[in-house]
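The next block holds one structure in the form of structure tokens; read it before the comments.
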Amino acid sequence: MNTENNKIHIEGFWEKKINEPISNEQKWDNQEKFEKKLSIIEQILRNKHNEKNNYRTIDSDINVSFFESSLKLPSKAYYIKFKGKEYWWLDSFLDYYIKQYNVKPSEKFIKFINEFSKWLLANGKICD
């Protein structure tokens, strides 16, 4: 379970106006690199999807999933548990918020995706 308050971090979904995303007219630093990494990770998760068993283990203590969201919105979502941290985000987060409106994810999420991407590369799960 996550060491930070034992929570799954939900990225890219805002219930309150206080937490609404901030759109930017210009791309933020390293946005295109982040988009590429997240896109590859999302593709891996979609490929690992299985109707009978949503959760997959891709290595000891690394679980991933692509599933129907339990939110009121008709959407799918991604889930990764990696190095004791768990993140969940809607499939529209990359294409809609990041690419279309240049919304910058939290620094924690960016760091998590960068670390997971490095692990995938180092373990032959993706090519650079």
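What follows draws every value from the coordinates through simple rules; no lab data is involved. Nothing here was measured: the structure is a model prediction, and the numbers come from that model. Backbone-built Cβ (ideal geometry, glycine too); neighbour counts: all protein chains shown.
Assorted remarks:
- Enumeration of residues in the stretch 115-128 that are of a type outside the set (A, V, I, L, M, F, W, C) and surrounded by fewer than 15 Cβ atoms within 10 Å (Cβ to Cβ): 115, 118, 123, 124, 128
- Tallying residues that are outside any helix (DSSP H, G or I) and either small (Gly, Ala, Ser) or in contact with a helix residue (DSSP H, G or I) (Cβ under 9 Å, 6 or more places away or on another chain) (or both) within the stretch 79-115 yields 15.
- Tally, over the stretch 72-112, of residues that are free of Cβ contacts under 8 Å to residues at least 24 places away in the same chain and buried (at least 20 other Cβ atoms within 10 Å of the Cβ): 1
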